[in-house]
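One structure below.
The values are calculated or read from the model by the stated rules, or taken from the named source; none is laboratory data. Since we're looking at a predicted model, the values are computed, not measured. Cβ: placed from backbone, ideal geometry, glycine included. Neighbour counts: every protein chain shown. We work out accessible area using only protein heavy atoms, side chains counted, and drop any ligands, DNA or RNA first. Shrake-Rupley method; radii C 1.70, N 1.55, O 1.52, S 1.80 Å.
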Amino acid sequence: MATSIKVNLALMLLKRKMSLSELSEKVGLTLANLSILKCGKAKAIRFSTLILLCDALDCSPGDLLELDSHTEDN
């Protein structure tokens, strides 16, 4: 079984009715970096970035991040 961390940025943007561009302006991160997070391709996230996102989206880290356990067939 492999465990990874899933980033729920797309879901939070939908809930807040906010575009990625709006979020980019609020937090001062590039669209490219936010897109990497949104698509689940990020390998890491700084706590300072997580705090910025949580402040802008009015949420907690647990709303943005979750453990994603899945089994891989070999």
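Sort the chain into rounded, prolate or oblate with this rule: let a ≥ b ≥ c be the square roots of the eigenvalues of the Cα gyration tensor; rounded if a/c is under 1.5, and if a/c is not under 1.5, prolate when a/b is larger than b/c, oblate otherwise.
prolate
Select from the chain those GluC sites (Glu not before Pro) which occupy a DSSP coil region and have at most 11 other Cβ atoms within 10 Å, ordered by residue number.
Counting only loop positions with at most 11 other Cβ atoms within 10 Å, the GluC sites (Glu not before Pro) in the chain are GLU72.
Take a quick pass over the chain and tell me how many lysine pairs come in under 21 angstrom between Cα atoms, counting only ones 8 or more apart or on separate chains.
So the count of such lysine pairs works out to 10.
Please find the FRET efficiency linking THR30 to LYS6, where r is the Cβ-Cβ separation and R0 is fixed at 25 Å, and quote it to the nearest 0.05.
So, using R0 = 25 Å, E works out to roughly 0.70.
As an exercise, use a Förster radius of 22 Å and the Cβ-Cβ distance of LEU20 and LEU67 to find the FRET efficiency, rounded to the nearest 0.05.
Step by step, r from the Cβ atoms, then E = 0.35.
Could you do me a favour and compute the accessible area per residue for the chain, 1.4 Å probe, result in Å²?
On the way: 5350 Å² over 74 residues.
Ligands and nucleic acids excluded, the figure is 72 Å² per residue.
What ranking of VAL27, VAL7 comes out by heavy-atom accessible area, probe 1.4 Å, highest first?
Output order, biggest surface exposure first: VAL7, VAL27.
How much of the accessible area of the chain, probe 1.4 Å, is carbon plus sulfur, in whole percent?
53
Can you list the trypsin sites (Lys or Arg not before Pro) in region 1-48 that are in a DSSP coil and have 11 or fewer other beta carbons within 10 angstrom?
LYS17, LYS41, LYS43, ARG46
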